[in-house]
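A short worksheet on the structure shown next.
The values are calculated or read from the model by the stated rules, or taken from the named source; none is laboratory data. Quick caveat: nothing in here was measured; it's all calculated off a predicted structure. Note that we place each Cβ from the backbone using ideal geometry, even for glycine, and neighbour counts take in every protein chain shown.
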Amino acid sequence: MKKRALVGMSGGIDSSVAAYLLKKQGYDVIGVFMRNGVEVEASNQKSCCSVDDAYDARRVADMLGIPFYSVNLKKQFKSIINYFVSEYDKGRTPNPCAMCNRYIKFGEIFRYAETLKCDYVATGHYARIQDNKGTAQLLKGIDNKKDQSYFLFDIDRTKLGRILMPIGDYTKSEVRQIAEREKIPVVNKPESQQICFVPSNDYRNLLKTEAIRLLEGPIKTTGGRTVGKHNGYQFYTIGQREGLGVSLGEPMYVVNIVPEENLIVIGNNDDLLEKNAIVRQINWLKEMPQKFDCFVQIRYNSEPEPAVIEQTNIDSCIVSFKNNVRAVTPGQAAVFYSDQVVLGGGWIEKSRFKSTEKS
């Protein structure tokens, strides 16, 4: 009897090829499109959950000859939007893709898969799931430039054995070649680069519409000198250089955000360098000792850095980097790797020694 796989289809090339590969491998494939309830006015905006995307996903399903469903997850996506806005309001920088993966793609969709009696849930992520002595583990994708394992650290590890990521064994160019060879309808579709619920690609517009109090406040140097004004600390993130409106004769960056004082602190590049971070709400994908060496990635598209992890309790740790690391950003994920294997990860609370006293 064929194993049944529910494939999240976004209408893009990656998830379309994932569905094709699984069917070719002999799975009983079902496609599902997740509607987030966000209206996209212009068809040329590169979202991934628009009406046009749903149409494209259905075209691919028809071409592959597989059943296709569209699921309204507006309410569930609203919780992701609320998290996104709340993090900026706390002076943090959110990571909505990681949250969506845990609670939507490998949360709600898993529950939907149960109703369809599916054995697996599959996606078009550039990452891999491999068996290691009877235990499933998450690995980086083969294509280092497209690897998306960073966004997958928060998956419930009990579900790893029921997840398929068929394009993780391919490079992006190979995936495109497959789409061209098989004449998959979306082969020439541009990639979506935006957050799916921010199709304008300007998150500030979303913050303005979500009734956040955006108040003018001071911009100070690390020495405490007021050098400018901002129109809302929520519009800034650690490491930001553009849009400060300050000229001090050298490049200046946001080095601290203090919501309770409505304050932005700026400094030079050296002020962004850290050697420690506190990480909380850790999701372990493997059992690890109380203290160990690994590589830690603190943002997407950054290189993992060698570090020592020291667990302080069941879901918190101190990360001690072996080299200076630039712009450790609260709200972003710190993901732990051993070579290609994802060990787990958590949410950056702050650098170990940084506090509002720095301002």
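For the stretch 54-103, name all the residues that are β-branched (Val, Ile, Thr) and touching a Ser or Thr at 6+ places or on another chain (Cβ under 9 Å). Result: 60, 93. Pairing residues of the stretch 332-346 that are in the same structural domain as residue 308 (by TED's automatic domain parsing) and under 15 Å from residue 317 (Cβ atoms) with residues that are among the charged types (D, E, K, R) and assigned to a strand (DSSP E or B), at Cβ distances under 8 Å and at least 6 apart in sequence or on separate chains, gives 337/140; 346/280. When 256, 283, 324, 269 are screened for being over 25 Å from the mean Cα position of the chain (by Cα) and either free of Cβ contacts under 8 Å to residues at least 60 places away in the same chain or surrounded by 14 or more Cβ atoms within 10 Å (Cβ to Cβ) (or both), only 269 passes.
Scanning the stretch 280-318 for residues that are part of a loop (DSSP other than H, G, I, E, B) and over 20 Å from residue 98 (Cα atoms) turns up 287, 288, 289, 290, 314. Restricting 84, 77 to residues that are among the aromatic types (Phe, Trp, Tyr) and more than 14 Å from the chain's Cα centre (by Cα) narrows the list to 77.
Residue check: residue 238 meets all listed conditions (1) part of a strand (DSSP E or B); (2) closer than 30 Å to residue 268 by Cβ but one, namely (1).
Say whether the condition of being in a helix (DSSP H, G or I) and on the phi < 0 side of the Ramachandran plot is met by at least one residue in the stretch 213-232. Within the stretch 213-232, not a single residue is in a helix (DSSP H, G or I) and on the phi < 0 side of the Ramachandran plot.
Per the listing 112, 126, 103, 120, the residue uniquely crowded, with 22+ Cβ neighbours inside 10 Å and of a type in the set (Ser, Thr, Tyr) is 126.
At least 2 residues being modelled with pLDDT under 95 and under 27 Å from residue 288 (Cα atoms) is the threshold, and among the strands (runs of 3 or more DSSP E) wholly inside the stretch 89-142 those reaching it are 127-132. The requirement of being surrounded by 19 or more Cβ atoms within 10 Å (Cβ to Cβ), touching a Ser or Thr at 6+ places or on another chain (Cβ under 7 Å) and more than 18 Å from residue 99 (Cβ to Cβ) is fulfilled nowhere in the stretch 335-355; no residue meets it. Exactly one residue out of 274, 310 is more than 30 Å from residue 249 (Cβ to Cβ) and among the charged types (D, E, K, R), and it is 310. Taking the conditions (1) within 24 Å of residue 157 (Cβ to Cβ); (2) among the small types (Gly, Ala, Ser); (3) not in a strand (DSSP E or B) in turn, residue 247 satisfies each one other than (1). Kindly establish whether residue 72 is farther than 24 Å from residue 19 by Cα, outside the structural domain of residue 287 (by TED's automatic domain parsing), surrounded by fewer than 22 Cβ atoms within 10 Å (Cβ to Cβ) and among the polar types (S, T, N, Q). Against the criterion (farther than 24 Å from residue 19 by Cα, outside the structural domain of residue 287 (by TED's automatic domain parsing), surrounded by fewer than 22 Cβ atoms within 10 Å (Cβ to Cβ) and among the polar types (S, T, N, Q)), residue 72 does not qualify. Residues that are over 9 Å from residue 29 (Cα atoms) and not small (Gly, Ala, Ser) were ranked within the stretch 1-17; the one that is modelled with the lowest pLDDT is 1.
With the structure loaded, tell me whether residue 204 is touching a residue at least 60 places away in the same chain (Cβ under 8 Å) and surrounded by fewer than 19 Cβ atoms within 10 Å (Cβ to Cβ) or whether it fails that test. So residue 204 fails the test. Residues in the stretch 233-256 that are closer than 22 Å to residue 350 by Cα and polar (S, T, N, Q): 234, 237, 240, 256. Just a yes or no: is a residue in the stretch 221-244 of a type in the set (A, V, I, L, M) and at pLDDT 95 or above? Checking the stretch 221-244: at least one residue is of a type in the set (A, V, I, L, M) and at pLDDT 95 or above.
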